1. I'd like the carbon and sulfur percentage of the solvent accessible area for the chain, probe radius 1.4 Å, heavy atoms only, ligands and nucleic acids excluded.
2. So, in nm, how far is label R301 from label I974 when the simple model puts each one 7 Å beyond its Cα toward the Cβ?
3. For labels at S241 and Q857 in the simple 7 Å Cα→Cβ model, what's the distance in nm?
4. Determine, for each peptide in 916-924, 154-162, the mean count of other beta carbons within 10 angstrom over its residues, then list the peptides with the highest first.
5. So what J values fall out for segment 482-490 if you push phi through Karplus, 6.51 cos²θ - 1.76 cosθ + 1.60 with θ = phi - 60°, rounded to Hz, Gly and Pro as x?
6. Once ligands and nucleic acids are excluded and a 1.4 Å probe is used, how much of D767 is accessible, expressed in Å² to the nearest 10?
7. Placing +1 on the Cβ of each Lys and Arg and -1 on the Cβ of each Asp and Glu in segment 583-721, which of I663, F602, Q717 has its Cα farthest towards the positive end of the resulting dipole?
8. Please enumerate, by chain and number, the lysines with C-alpha under 27 Å from the C-alpha of K939, excluding those fewer than 8 residues away in the same chain.
Amino acid sequence: MNIGEYSVRNPVISWLLVVIMVGGGLLAFQTIGKLEDPPFTIKMAKILTPYPGATAQEVQDELTYHLEDAIQLMPQIKRIKMSVSRPGLSDILIEFKDEYQAADLPNIFDELRRKIADVSPQLPPGASAPIILDDFGDVYGAYMMLHGEGYTWRDLYDTADAIKKQLVLVDGVRKVVIDGEQREVAYLDISRSRMAELGISLGEIASVLGSQNVVVDAGNVDVGDDYLRFDPTGAFQSVQSMGDLLISSSQRKLIRLSDIATISRAYETVPTKLYYVNGEPGLSLGISMVAGENVVAVGKRLDQKLNSLLTTIPIGMNISTVYDQPKEVDASVSGFLVSVAQAVIIVILVLLVFMGLRTGIVIGSVLIITVAGTLFVMDIYGIELQRISLGALVIALGMLVDNAIVVAEGMLIRMNGGMDPFQAAREVVGKTIWALLGGTAIGILAFSAIGLSPDNTGEFASSLFYVIMISLSLSWITAISTTPLLCALFLKPDPQAAGKDPYGGKVFTFYRGVVAKAIDHRWVTVSGVVGLFIAAVIGFGQVAGGFFPDSNTPLFFVDVWEPEGSDIRTTRDDTLRVSEFIREQPGVISTSSVIGGPHQRFTLVYDSREPASVYSQIIVRTESREQISAVWEATAEFMREEMPWTDPIIKALRIGPGRDAKIEARFSGPDATKLRELSERAQQIMRDDGYATDIRDDWRAPVKVAVPVFNEQVGRQLGVDREDLAGALRYAFEGAPVGVYRDGIRLLPIEMRAPEDERGDINSVRDIQIWSPVLGRSIPASQVVARYETDMENALIRGRDRIQTIIASCNPNEDLATALFERLRPQIEAMNLPAGYKLEWGGEYEDSVNAQAGLGQSLPVGFLLMIITSIFLFGKLRQPAIIWLTVPLAIVGITAGLLTTGGAFDFMSLLGALSLVGLLIKNAIVLIEEIDQQIEEDKDPYEAILDSSVSRMRPVMLAAFTTILGLIPLLSDIFFVNMSVTIMSGLGFASLLTLTIVPTLYAIFFRIHKREDSVAS
């Protein structure tokens, strides 16, 4: 008694398995986590180190060099992805090795902090302590803006902070981050001439302010039984109370600060980062969810909490949603569930048409039971419903019925022949159990390259493998247990079929004749198939390449780059102008702008740029995805015609990994000037092509710098040094920090500066007053500055893995970058590089190569296991050889399908091609196993090949039809369309060829020919 017969004789056990799988699936569907994208760990960290006053080169040499030296001591580092040395700031982005998971990162970050702490004594005086951003990869799935016209930044922040306090209490919310707060400053505007007249120096005022506003410990005293604390008065109670501070002049007079200074509390004159929503100033609120939570459920709780808070938000102040991941996930999951339901219905209809009502119901029921069981196991192992796992379910639907079809058809034929259900179950399961297990194992192993791939792309798509593994494993279990039970209950022997040949129909007879002709003319058949294969390989060269497609969400980005060195307020004004134009376009719902840096990371693949005053980004939301192209083109033309000084990049919201530029040429070497020359030559090649856009490099243009030439000799005589000159210049134009004002939870810097009428005139730079301790009075800067020069300097210096690196990049005018890249590559690689310089390719090419390399590391293991499995299955070599010779035939259908539809062979298509390997091997195994069994029963080998081919035609074709038609719902999904086309066309062509070439190859390998007596008869 085998499992099949046991299941029929002991239905209680079989029904218990069904109840567990169906009940567990229904329960799991209610509790399973729901996400937009699969869980993915961004294995990166940023290290920011301010160094006020330093040039980009000084930052590079004195800060970045030492920090990189310490970082590279860590064995967990994959690469220093990018270091950016700007005037006054070192920005280092590091990437950890792919082998580390989320649980490993806290310990890695601790070690990183220790390494940075160890190197801190080597950093120069004046450099601030390095800031390690270990939450750089946090995703804020609920991303919204608080905005309102007529409110101050303080009003906005106080309201946002009150909202934050409530939202962090919502179950499932991990943290809430407010960004865009404008710093308040206490400004002291003092005339240079007035200070010089009174003989007061900046240092004196700073010293008095500093001592007056600090928290002091005056100690305690015993007073009887009490122990009292002294608390001297004199601390500032308000910004305006600073005006009562007494300053001693050179004439020994005490002067109130308010008599010589205009004191005000205001927002920082030059902001660092600004947000605007539809033209209104605002703050961003990023809400991060707890890992593993059902995002849709958390989103509903957030909505309830926000609705309850509406009464506390001032009238005229609004919360606008920029990106609502819970709603996107709900729509995505709902859409996919519709696709799954459609696929199930399609598969069942196909089965009903080709196998009859009762058999169709049996196999359809087994399919639903298997899907429910898959959801149950997914929930147990914490695999969420998201883009990849749901796609895997749809892909698996067609394959899930393969095993059940073989068993159901076998039982149907035997029961029609008069065999009782127990014997039919025993015989069918006994003959097919190991062939089906081997085919299932190979089908799973075909996807193993995805699950075992160590790179980021492999991690992103790994749930595809695990869902396929779970579902196919369960399909084998239900095929040999549940299917015999249901067949015994529902299938009734057809009295008219008794004694009839079950394969005597016209279709079977026609197919039998085709196979006989193919075997009889075997070398013609093989030649024809080889010819098709060669033509397909040649044609595949015309198939467009790609990596990951864009998102379905109706969002796109407009990155605005001003000329390097521009004021952030100029960037703000231009950004608001562009966003106003965009809102005037038909179909645009909203614009959300950030100036001076990136938005908070609201999707997994959002590319956070480094902060820069010349950079802004506008998120544009349209009513539908189809409207994006028109708004995109209108925006590009507007900026090209009306704002030619800007350097915009307009880009779509991506689904998978990628970057802004699809084509990147990376030049590395020791000299910045030579790197710029190489970059410019590469950019010229891109321009000459005529089909490239967004041509640029990432160092941008050098900027002007004003250079006061300090007269060291005179300065020494007057007691004035370079630091005194720098302080005077800063006071005269920007404002010099002289203290801190404590205001509750806030610390306001106190800055002293010249009045506005003096700050705005560059011509007054010679008259700036500098305190001379030797003379005891202020002197004009012209006495210690020999002359003023204007020089050019790099606004930033970029490096990669400790080597200076510049990236020349572009995008194609067309959709796909492959054709443009193939034209540019030989020309740029033909450039003569000086010794010590090298060229590397980045962009989509590097991403694709890395992804394929990750698969390449795991593919050999997967294929080796598949080969070993096929050999163990047969215990011979010729049968596996026949099987593996049929696998490459999938390229015939793949090429035809992608060329016909205009699709691209992207990363998802590659996964589809890998899945085809398992599908084709599984079909071939079932066919060859049947041929072997019939030959072992002493049937004529030639007849055994024909009979086995005919008997396996319906399972093979049904498996192909159910898989192909079940993928139809995915054709409307931009993420899966190319993979669907790959599988559908590849499987369709390859199945037809397999049904012909496998019997032919079997006859060739085993030297089987038609017997002469058969010919005579």
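The values are calculated or read from the model by the stated rules, or taken from the named source; none is laboratory data. As the structure is a computational prediction, the values presented were derived from the model and not from experiment. FYI the Cβ positions are ideal-geometry reconstructions off the backbone, even for glycines, and counts take in every protein chain you see. Keep in mind that these areas ignore ligands, DNA and RNA; they rest on the heavy atoms of the full protein, side chains included. Shrake-Rupley method; radii C 1.70, N 1.55, O 1.52, S 1.80 Å.
1. Values: 24230 of 43110 Å².
Exposed carbon and sulfur together represent 56 percent of the surface.
2. 3.3
3. Each label point lies 7 Å from its Cα, and together they span 6.3 nm.
4. Working: 916-924: 26.3, 154-162: 17.6.
Highest to lowest by the protection proxy: 916-924, 154-162.
5. Result, ordered by residue: 6, 4, x, 4, 5, 4, 5, 7, 9 Hz.
6. The value for D767 is about 90 Å².
7. F602
8. Answer for K939, where 27 Å is the Cα cut-off: K431, K500, K506, K517, K876, K922, K1010, listed by chain and number.
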